[in-house]
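Visitor: Sharing a structure here in structure tokens format.
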Amino acid sequence: MRRLLTLLLAAATLMLHTTTTEAATLNIIPEPAYVDLAAEGTYLVTGKTHIIVNDELWNEAELFATEMMPHFNLKKPMKCVKRGKGIKVRTDSCIHEEGYEMTVSEEGILIIGGSAKGVFYGLQTLRQLIVVGNGVVPCCFIADEPTFAYRGVHLDVARHFFSVEDVKRYIDILAAHKVNRLHWHLTDDQGWRIEIKRYPELTTKGSMRSETLIGHGLRPEFWDGKPYGGYYTQDDIRDVVEYAAQRHIVIIPEIEMPGHAQAALHALPWLGCHEQIVDVWTTWGVTPEVMCAGKETTYEFLENVLAEVIELFPSELIHIGGDECPKERWKECEHCQAMMKAQGLENEEELQGYLVARIEKYLNAHGRKMIGWDEILDGGVTPTATVMSWRGIEGGIYAAKRGNNVVMTPMSLCYFNFYQTESRKGEGLHIGGHIPFEKVYAWDPYAGLDDDARKYIIGVQCNMWSEYIKDIETLEVMLLPRLAAMSEVQWSVDRRNDTTIREKMNTLRGFYDAMGWHYAPYYFDGRK
Ligand code: ACM
Ligand code: ZN
């Protein structure tokens, strides 16, 4: 990190003396911290180029070697060897852990990462350069590191299920944008999608709904009449977690509680206050059917589920939801009222605060940390919870000022299930709203925060709720190209540039085409 600072200072001094020269640029997204294109010449990478690597970085080198196969039309990955000429990778702990330095000369390419993560990101940068330059890489020096430690993307698999193969494809796209957290929303009213061995009913019963709402509004003809479901076995989960880890993405699982849990209540009716049978919900929105916060059996259930979740996911942060929990059932429930009395709680908000704090204690006792949507602030948040600010930025500002870690993900900027154009022409049916590329790109995630509070903003995230996203192609179109704008906020917030972004995006479009990823055309063709 110190090395990069020195470079940036030297570059600033140089610029003071060379105001007349037009700076050439490399069109890389997200924007690197420092690029020097002064050297002349190029280095040609072909399918026969070797990657020179030691054992410690074999995973990163092999992934790159495999990712390049379609580009070079190869039957086998590019060759990784221990000695020779070509693309050499190594680490140096003087560099930021996720940072890298890349030197391209006519003799070869050297990537030095602060760790295996930095090497991985350096190779992602190189992949963009190779693909868009058809193997011809300009001689240059790049020094790079991210702004935010937490660079997240969310995926809701409860409203619509995405196969292991789809999730891996999604992860590939995130990794290419240097995202390092996948927030996997695994349970909700409309489906429970993770196998829990202790409670098989959660998936045998809770993963299926009778039909799906395919229109806006609640007219009978808007339901499709087709049973819908799906879930991940624990082996599937392990497979995806490992796949993500190889790409330096930590998966944060979300188990929703105490609201957004109607599918669990369908499977295990004793989780609710009134214990009557409810269906796996077939409407989008917020249901009054929530877990009972008064019965000890609910806490036992949650701890047993989390025990299995912790075994499956190495992530330090575990997401417990906490959002949109109506309190009608609790007001009428003798168990909830008795718990409030016993704990000296004034109202049902405080009862939710009690549940959240108890779950946090469980997670902490098992070496993990809790993250939740910003409603966890409403019942009195503990100082150690991480808050995901979605209802706006106010919750995040409040939490950061108290010293809680915060992930900023306000709905008006970060809900990528919203439309991308104002006219909505040709977009198909989506939930509502309007978030074009430009709005994401212009976002200042530090707005409203003083220097003291800023340091608690650990990162930013975009969210992909899947009520109207039924397949991987639509998912990709909702994600791209807006993820490119988000990745510049996440990786290079102070390096954004309104005058170069369009040209950079046109270059990135060529990369998306080469990858075979689906993306929305609106930013490129100027549709509003
Ligand atoms: C949310 O959108 N309910 C977090
Ligand atoms: Zn109750």
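Visitor: Once Rh is set to the Kirkwood radius over Cα pairs, what Stokes-Einstein translational diffusion coefficient, in µm²/s, holds for the stretch 229-379 at a temperature of 25 °C and a viscosity of 0.890 mPa s?
Guide: For these conditions, the coefficient is 151 µm²/s.
Visitor: Would you mind counting up the charge near L449? Only other residues with Cβ under 12 Å from its Cβ, with Lys and Arg at +1 and Asp and Glu at -1.
Guide: After counting each charged neighbour, the total is -2.
Visitor: Here's something else I'd like to know. Could you give the angle, 0 to 90 degrees to the nearest 10, between helix 116-132's Cα long axis and the longest principal axis of the Cα atoms of the chain?
Guide: That helix lies at roughly 60 degrees to the long axis.
Visitor: In addition: Explain nothing, just compute: Karplus ³J(HN,Hα) = 6.51 cos²θ - 1.76 cosθ + 1.60, θ = phi - 60°, for every residue of the stretch 329-334 in order, whole Hz, x for Gly and Pro.
Guide: Karplus values, whole Hz, x for Gly and Pro: 4, 5, 5, 9, 9, 5.
Visitor: Considering amide H positions built from the backbone, and no H for Pro or chain starts, which residues 5 or more places from G86, or on another chain, come under 5 Å of its amide H?
Guide: For G86, the qualifying residues are I109.
Visitor: With a cut-off of 17 Å, note down the residues of the stretch 380-399 whose backbone N falls inside the zone around a label point 7 Å from the Cα of K369 toward its beta carbon.
Guide: Only 381-389, 396-397, 399 fall inside the zone, counting backbone N under 17 Å.
Visitor: Can you work out the Karplus-derived ³J(HN,Hα) for every residue in the stretch 90-99? Use 6.51 cos²θ - 1.76 cosθ + 1.60 with θ = phi - 60°, whole Hz, and x for glycine or proline.
Guide: Using θ = phi - 60°, the values come out as 7, 10, 8, 6, 6, 8, 3, 3, 9, x Hz.
Visitor: Give me the angle, in degrees from 0 to 90, between the Cα long axis of helix 348-365 and the longest principal axis of the Cα atoms of the chain, rounded to the nearest 10.
Guide: Long axis of 348-365 versus the principal axis of the chain: about 50 degrees.
Visitor: Here's something else I'd like to know. Mind pulling the angle between the C-alpha long axis of helix 234-246 and the longest principal axis of the chain? Nearest 10 degrees, somewhere in 0 to 90.
Guide: The angle comes out near 30 degrees.
Visitor: Taking H placed 1.01 Å from N in the peptide plane, check which residues at least 5 places from Y232 or on another chain put their amide H under 5 Å from its amide H.
Guide: Long-range HN contacts for Y232: I194, E195.
Visitor: On average, how much accessible surface per residue is there in the stretch 382-487, in Å², for a 1.4 Å probe, leaving out ligands, DNA and RNA?
Guide: Heavy-atom SASA per residue in the stretch 382-487 reads 36 Å².
Visitor: Kindly list the residues of the stretch 290-326 that lie in the label zone of E334, defined by a backbone N under 18 Å from the point 7 Å along the Cα-to-C-beta vector.
Guide: Counting only backbone N, you get 292-298.
Visitor: Over the stretch 246-324, with the other protein chains present, what is the accessible area per residue in square angstrom, probe 1.4 angstrom?
Guide: 28
Visitor: For the pair E201 and H274, what calculated FRET efficiency results from E = 1/(1 + (r/R0)^6), where r is the Cβ-Cβ distance and R0 = 25 Å, to the nearest 0.05?
Guide: According to the calculation, E is roughly 0.85.
Visitor: What percent does the relative contact order of the chain come to when contacts are Cα pairs within less than 8 Å and at least six residues apart?
Guide: Taking the mean separation of contacting Cα pairs over the length of the chain, I get 13 percent.
Visitor: A further question follows. Considering amide H positions built from the backbone, and no H for Pro or chain starts, which residues 5 or more places from G392, or on another chain, come under 5 Å of its amide H?
Guide: Sorted by chain and number, the residues that satisfy this are M411.
Visitor: Residue by residue through the stretch 386-400, what is 3J(HN,Hα) from phi via Karplus (6.51 cos²θ - 1.76 cosθ + 1.60, θ = phi - 60°)? Round to whole Hz and write x for glycine and proline.
Guide: Along the stretch 386-400, the couplings run 9, 10, 9, 7, 10, 6, x, 9, 4, x, x, 5, 4, 5, 5 Hz.
Visitor: In whole Å and largest first, what semi-axes does the C-alpha gyration tensor of the chain yield when each eigenvalue is scaled by 5 and square-rooted?
Guide: For the chain, the semi-axes come out at 43, 24, 23 Å.
Visitor: For the stretch 139-223, what relative contact order do you get, as a whole percent, if you take Cα pairs closer than 8 Å and at least 6 residues apart?
Guide: 25
Visitor: Considering every pair of different Cα atoms, what Kirkwood radius, in Å, is found for the stretch 375-528?
Guide: After inverting the mean inverse Cα-Cα distance, the result is 16.6 Å.
Visitor: For a protection proxy built on the mean count of beta-carbon atoms within 10 angstrom, sort 154-163, 477-486, 508-517 highest first, please.
Guide: 477-486, 154-163, 508-517
Visitor: Efficiency by 1/(1 + (r/R0)^6): what FRET value for H518 and R83, r their Cβ-Cβ distance, R0 = 25 Å, to the nearest 0.05?
Guide: Step by step, r from the Cβ atoms, then E = 0.05.
Visitor: May I ask you to give the percent of accessible area on the chain that is carbon plus sulfur, with a probe radius of 1.4 Å?
Guide: 52
Visitor: In nm, to one decimal, how far is the E311 label point from the M411 one, both placed 7 Å along Cα→Cβ?
Guide: The answer from the label model is 3.7 nm.
Visitor: Still on this structure: Considering all projection directions equally, how large on average is the shadow of the alpha-carbon convex hull of the stretch 101-153, in square nanometres?
Guide: Across all orientations, the stretch 101-153 yields a mean hull projection of 4.3 nm².
Visitor: May I pose another question? Quick one: which of K76/K178; K205/K295; K205/K226; K48/K82; K425/K528; K79/K117 span more than 18 angstrom between C-alpha atoms?
Guide: Over 18 Å Cα-Cα: K76/K178; K205/K295; K79/K117.
Visitor: Given a Förster radius of 41 Å and the C-beta distance between R495 and D239 as r, what FRET efficiency does 1/(1 + (r/R0)^6) yield to the nearest 0.05?
Guide: Between R495 and D239 the formula returns 0.70.
Visitor: With a cut-off of 8 Å between alpha carbons and a minimum separation of six or more residues, what is the relative contact order of the stretch 129-273 in percent?
Guide: Across the stretch 129-273, relative contact order equals 27 percent.
The values are calculated or read from the model by the stated rules, or taken from the named source; none is laboratory data. Computed from a prediction, not measured in an experiment: that's the story for all the values here. Counting neighbours? That spans all protein chains shown, and the Cβs are built from the backbone with ideal geometry, glycine included. All accessible areas refer to the heavy atoms of the entire protein, side chains included, with ligands and DNA or RNA removed. Shrake-Rupley method; radii C 1.70, N 1.55, O 1.52, S 1.80 Å.
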